[in-house]
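Here is the structure we will look at, set down as structure tokens.
The values are calculated or read from the model by the stated rules, or taken from the named source; none is laboratory data. Here the structure is a predicted model, which means the values were calculated and not measured. FYI the Cβ positions are ideal-geometry reconstructions off the backbone, even for glycines, and counts take in every protein chain you see. In case anyone asks, the SASA skips ligands and DNA or RNA and just uses the protein heavy atoms, side chains included. Shrake-Rupley method; radii C 1.70, N 1.55, O 1.52, S 1.80 Å.
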Amino acid sequence: MHKQLKLIKPGTRRQLICFHFAGGNAEYFMPWRDHIDEHTAVYAVQLSGRGHRLSEKLKTCLHQCADEVAQSLSFLPHRPTSFFGHSMGAALAFETAIRWEQQGRKLAHFFASGRIPPHKSRGTNYHKQSDDALVNKIMGLGGTSEVVFDNPALRKLMLPIIRADFEAIESYQRDSLPTLSCPLSALLGEGDTEVTESEILDWSLATVGEFDFQRFSGGHFYLNNLCPTLFDYLKNKMS
């Protein structure tokens, strides 16, 4: 398996590629192996500087990351493929999907979760702010346990990763919005304070295929709940 991809669960008919959020890693999706059906192989993207790639230099350009991930995906079997990206991962998944289609491969479905569409920007600069400001931002999102930042060793390990990922997503720009040809689903936690419903509905502009929108119980990290409703929704859209 290519170093940028981690096989979470083998399958036979189709494959789902998962893209992690800022500060995340491929291992976040490990619990998904118990919730996705036996016909779906689940892979997770592992960016440099974390997990089994901890010794590698962190990347701060989302377009460069997409180039590398798209290349690694060329090693996968030719079978129906869907992308799922959450938060920063949704932007990275989109850029990878554009490259995937430019290579002449079709995407079965694209899932954009908890992220404004690619042609919009928040204009934030958390990656330039103090460690405490960055930690407060992450803690406010609810995706990382405070135990991580209370532990000096873990804090020292995680902060450079988070800062690099924030630089990648905060510097990410798109002057124009290319469109995918596959169906696209926009997913949002009902209590998400990062993305509004009107903003995520603009993902409809990113495809010429069918579009639908689905809310789930929870906040920005609603998928932490491993809710059966989420997995039923994904399996239904991929089938």
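Here is a yes/no grid of residues against (1) assigned to a strand (DSSP E or B); (2) closer than 30 Å to ASP175 by Cβ; (3) open to solvent by less than 50 Å² (accessible area, probe 1.4 Å); (4) of a type outside the set (Lys, Arg):
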residue	(1), (2), (3), (4)
CYS18	yes, yes, yes, yes
GLY24	no, yes, yes, yes
PHE29	no, no, yes, yes
TRP32	no, no, yes, yes
HIS63	no, yes, no, yes
ALA70	no, yes, yes, yes
Query raised in the report: Residues THR196, THR179: which one is open to solvent by 50 Å² or more (accessible area, probe 1.4 Å), in contact (Cβ under 8 Å) with a residue 24 or more places away in the chain and within 30 Å of GLU101 (Cβ to Cβ)?
Result: THR179
**Report entry** Residue, farthest from ALA112 (Cα to Cα), within region 1-35, restricted to residues that are of a type in the set (Val, Ile, Thr) and at pLDDT 95 or above
**Finding:** ILE8
Report task. Could you tell me whether region 41-56 includes any residue that is within 23 Å of ASP175 (Cβ to Cβ) and in contact (Cβ under 8 Å) with a residue 40 or more places away in the chain? Result -> no
Query raised in the report: Within the group GLU56, GLU38, which residue is part of a loop (DSSP other than H, G, I, E, B), over 17 Å from LEU159 (Cα atoms) and either of a type in the set (S, T, N, Q) or more than 12 Å from the chain's Cα centre (by Cα) (or both)?
Result: GLU38
Report task. Please enumerate the residues belonging to region 89-108 that are under 30 Å from VAL195 (Cα atoms) and open to solvent by 10 Å² or more (accessible area, probe 1.4 Å). Result -> ILE98, ARG99, GLU101, GLN102, LYS106, LEU107, ALA108
Query raised in the report: Somewhere in region 110-129, is a residue out of contact with any Leu (no Cβ under 6 Å at 6 or more places or on another chain), surrounded by 13 or more Cβ atoms within 10 Å (Cβ to Cβ) and farther than 28 Å from GLY191 by Cα?
Result: no
Report summary line: Among residues of region 37-51 being in contact with a Lys or Arg (Cβ under 7 Å, 6 or more places away or on another chain) and not aliphatic (A, V, I, L, M), the residue most open to solvent (accessible area, probe 1.4 Å) is HIS39
Report summary line: The one condition THR81 fails out of (1) farther than 26 Å from ARG163 by Cβ; (2) at pLDDT below 95; (3) open to solvent by less than 50 Å² (accessible area, probe 1.4 Å) is (2)
Report summary line: LYS3 meets each of (1) open to solvent by 60 Å² or more (accessible area, probe 1.4 Å); (2) touching a strand residue (DSSP E or B) at 6+ places or on another chain (Cβ under 9 Å) with one exception, condition (2)
Report summary line: For helices (runs of 4 or more DSSP H) lying entirely in region 115-215, having 2 or more residues that are among the β-branched types (Val, Ile, Thr), farther than 21 Å from PHE19 by Cα and more than 17 Å from the chain's Cα centre (by Cα) picks out 146-150
